[in-house]
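Enquirer: Questions regarding the structure given below will be posed in turn.
The values are calculated or read from the model by the stated rules, or taken from the named source; none is laboratory data. Since the model is a prediction, treat every value here as computed from it, not as a measurement. Reconstructed Cβ throughout: ideal geometry from the backbone, glycine too, with neighbour counts over all protein chains shown.
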Amino acid sequence: MSEINSEKNVKIAVLIDADNAQPTIIEGLLMEISKYGTAHVKRIYGDWTSPRLNGWKEMLLLYSIQPIQQFGYTTGKNATDSAMIIDAMDLLYTKSFDAFAIVSSDSDFTKLASRIREAGLITYGFGEKKTPNPFVAACDKFIYTEVLRIKDDEDDNDISTKKSTAELKQDTKLVTLLRNAVELASDDGGWAHLASVGSNIAKRSPEFDPRNYGYKRLGELMKAIKLFEIDERQNGQGPFKSTYLKDRRKK
């Protein structure tokens with residue numbers, strides 16, 4: 001698997017399927033992409049003669065996104081997908097990019113994501129929670145767009161979707177994922193550095209995001225689930241601390 005790099009000099013090609021993405025996500029989407037690098041190409045594909053895409057049109061100039069016109073030549077066939085895939089392969093062959101961001105909930109991009117990763121580049125996927133699992137699994141990192149919509153309030157967390165401790169513990173898939181990640185990162189004493197735990201989670205579950213459970217950061221989620229001991233350790237003489245976790249079942 002390609003290593004996810006958060007350096008700002010990472011060059012990212014952003015390709016958006018206008019038929020399968022909502023314009024309300026664009027600000028959050030570009031903010032999210034900026035965490036991983038710089039969007040050197042921003043293209044959005046669709047039939048711009050269709051009134052269905054009117055909501056996107058005012059966003060294009062505001063966020064400097066290049067619209068690519070693709071007429072729907074045949075009913076029932078998605079020409080937009082084909083245009084995106086062809087452009088993605090052309091960009092891949094230029095060897096000018098370090099990563100691709102594919103914005104769609106369509107499983108037709110599964111093979112494309114796999115091909116980009118085979119070339120050694122990072123693939124970020126963005127789509128709704130209805131996105132088929134094969135496409136999700138084909139990406140290095142997959143972010144559900146529901147968490148990208150900018151809220152009107154200033155709260156760090158969306159209280160309406162924040163899962164309680166009881167709800168988190170009832171999610172057996174989540175519990176297994178977190179416990180396994182801590183186990184793999186733990187030292188002889190059973191303690192695991194939070195950053196290493198996060199890396200293990202990303203390798204095994206590209207769609208994992210603490211925001212899916214209503215928490216802004218992994219550390220907040222780990223505290224909320226109350227399955228782990230938390231140890232905040234001082235980093236030398238500096239003001240910063242490192243978080244370590246230990247499964248409460250370990251003695």
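Enquirer: Out of the residues in segment 141-162 meeting the condition of being in a loop (DSSP other than H, G, I, E, B) and modelled with pLDDT of 80 or more, tell me which one is nearest to I122 (Cα to Cα).
Expert: Out of the qualifying residues, it is L148.
So that you can scan it fast, the table gives a plain yes or no per residue for (1) among the hydroxyl-bearing types (S, T, Y); (2) touching a strand residue (DSSP E or B) at 6+ places or on another chain (Cβ under 7 Å); (3) not assigned by TED's automatic domain parsing to the domain that holds S96:
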| position | (1), (2), (3) |
| --- | --- |
| G120 | no, no, no |
| F126 | no, yes, no |
| K169 | no, no, yes |
| N180 | no, no, yes |
| S199 | yes, no, yes |
| D209 | no, yes, yes |
| Y215 | yes, no, yes |
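Enquirer: Another question about this same structure. Can you find, within segment 221-251, the residue that is farthest from C139 (Cα to Cα) among those that are without any contact (Cβ under 8 Å) to a residue 40 or more places away in the chain and not in a loop (DSSP other than H, G, I, E, B)? Before the answer, list the steps.
Expert: Taking segment 221-251 as the starting set, the residues that turn out to be without any contact (Cβ under 8 Å) to a residue 40 or more places away in the chain are 223, 229-230, 232-241, 248-249, 251.
This time we only want the ones that are not in a loop (DSSP other than H, G, I, E, B), so: 223, 229-230, 232-234, 241.
Numbers: K223: 28, E229: 32, I230: 31, E232: 33, R233: 34, Q234: 35, K241: 32 Å.
Step by step, filter segment 221-251, then rank; the result is Q234.
Enquirer: Hey, does segment 104-115 have a residue that's at pLDDT 95 or above, more than 21 Å from D19 (Cβ to Cβ), out of contact with any strand residue (DSSP E or B) (no Cβ under 7 Å at 6 or more places or on another chain) and among the charged types (D, E, K, R)?
Expert: Yes, the conditions are met somewhere in segment 104-115.
Enquirer: If you take the residues in segment 210-223 that are surrounded by fewer than 19 Cβ atoms within 10 Å (Cβ to Cβ) and under 18 Å from T243 (Cα atoms), which one is farthest from the chain's Cα centre (by Cα)?
Expert: The selected residue is K223.
Enquirer: Something else now. Pull out all pairs, ordered by first then second residue, where Cβ-Cβ is under 7 Å, the residues are six or more apart or on different chains, the first lies in segment 21-42 and is touching a residue at least 24 places away in the same chain (Cβ under 8 Å) and of a type in the set (S, T, N, Q), and the second is buried (at least 17 other Cβ atoms within 10 Å of the Cβ) and in a strand (DSSP E or B).
Expert: Taking only residues 6 or more apart or on different chains, the pairs are T38/I12.
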